[in-house]
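Structure first, commentary second.
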Amino acid sequence: MVHFTPWASLAGGLALGLAAALLWLCNGRVAGVSGIAAGLLWPEEGDESWRACFVGGLVLGGVALAFRWHGATIDALPRSAGALVVGGLCVGVGSRLANGCTSGHGLCGLARLSPRSFAAVLSFMATGAVTVWAIRSLAGGAL
């Protein structure tokens with residue numbers, strides 16, 4: 001059970017929930033990472049600084065974690081860089097099609113009891129489960 005990390009997972013979930021709640025309380029914004037990042041590409045006036053701080057915090061948090069815990073770096077993942085890029089692009093396209101991402105729908109939308117977010121979360125969780133099954137069963141886990 002190498003990947004069983006209940007305390008780290010609990011801490012990460014609490015940090016995500018706290019960040020989402022603070023962004024909502026302080027800025028009145030939903031913590032949808034894909035929308036926040038997209039807003040940096042096509043910013044509205046006066047909207048850039050909080051978006052840059054949020055995305056910068058995500059990047060710096062990852063860098064700090066990599067220095068603190070070497071196993072958290074991307075080279076520790078059991079997939080190729082190509083598979084990670086393709087997976088990331090699929091998530092990005094899916095986020096735009098769903099008008100929201102896993103963080104926006106899963107963290108904020110479900111907390112607001114949004115039926116649309118509930119449908120989106122069911123959809124991407126089911127798709128993720130089928131994808132993992134397909135890669136492990138049909139592709140032999142080789143991707």
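Only helical DSSP H runs with n ≥ 4 go in: add -39500 (n - 2.57) per run for the chain, normalise by residue count and round the 222 nm mean residue ellipticity to 500 deg cm²/dmol. Write down the numbers at each step before the final one.
Working: 5 runs with 92 residues, N = 143.
After summing the helix terms and dividing by residue count, I get -22000 deg cm²/dmol.
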* Asked: Which distance in nm do the two modelled labels at Thr127 and Asn99 give, with both placed 7 Å along the Cα-to-Cβ direction?
  -> 1.6
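Of the chain, which part is the longest with no chymotrypsin sites (Phe, Trp or Tyr not before Pro) in a loop (DSSP not H, G, I, E, B) and with at most 15 other C-beta atoms within 10 angstrom? Please report the intermediate quantities before stating the final value.
Numbers: sites that count: Phe4, Trp69.
Maximal segment without exposed cleavage sites: 70-143.
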* Between Ala66 and Arg116, with labels modelled 7 Å along Cα→Cβ, what's the label distance in nm to one decimal, could you check? => 3.5
* Asked: What is the magnitude of the charge dipole of the range 3-143 about its Cα centre, with +1 placed on the Cβ of each Lys and Arg, -1 on the Cβ of each Asp and Glu, and no other charges, expressed in debye to the nearest 20?
  -> 380
* Structure fact -> Here the gain from full extension of Leu138 to Leu10, 0.36 nm per residue of separation minus their alpha-carbon distance, amounts to 42.9 nm
* To do: Select from the range 10-100 those trypsin sites (Lys or Arg not before Pro) which occupy a DSSP coil region and have at most 13 other Cβ atoms within 10 Å, ordered by residue number.
  => none
* **Acute angle (nearest 10 degrees) that the helix 6-27 long axis makes with the longest principal axis of the chain, alpha-carbon atoms** => 20
* Structure fact -> Reviewing [x] 105; [y] 139; [z] 114, the figure for volume of the Cα convex hull per residue in Å³ actually calculated from this model sits under [y]
* Which residues' amide hydrogens lie under 5 Å from the amide hydrogen of Arg29, considering only partners 5 or more residues apart or on another chain, with H built in the peptide plane? -> Trp24
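So what is the relative contact order of the chain, in percent, for Cα pairs below 8 Å that sit 6 or more residues apart? Display every interim value, and only then the final one.
Values: 75 pairs, mean separation 34.9, N = 143.
With pairs under 8 Å counted, the relative contact order is 24 percent.
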* How much length, in nm to one decimal, is gained on full extension between Ala37 and Ala81, taken as 0.36 nm per residue of separation minus their Cα-Cα distance? -> 13.7 nm
* What's the angle, to the nearest 10 degrees (0 to 90), between helix 81-97's Cα axis and the longest principal axis of the chain? -> 40
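Coordinate-derived values only; no laboratory data. Note that the structure is a prediction, hence the values are computed from the model and not measured. Positions of Cβ are generated from backbone atoms using ideal geometry, with glycine treated the same way; all protein chains shown enter the neighbour counts.
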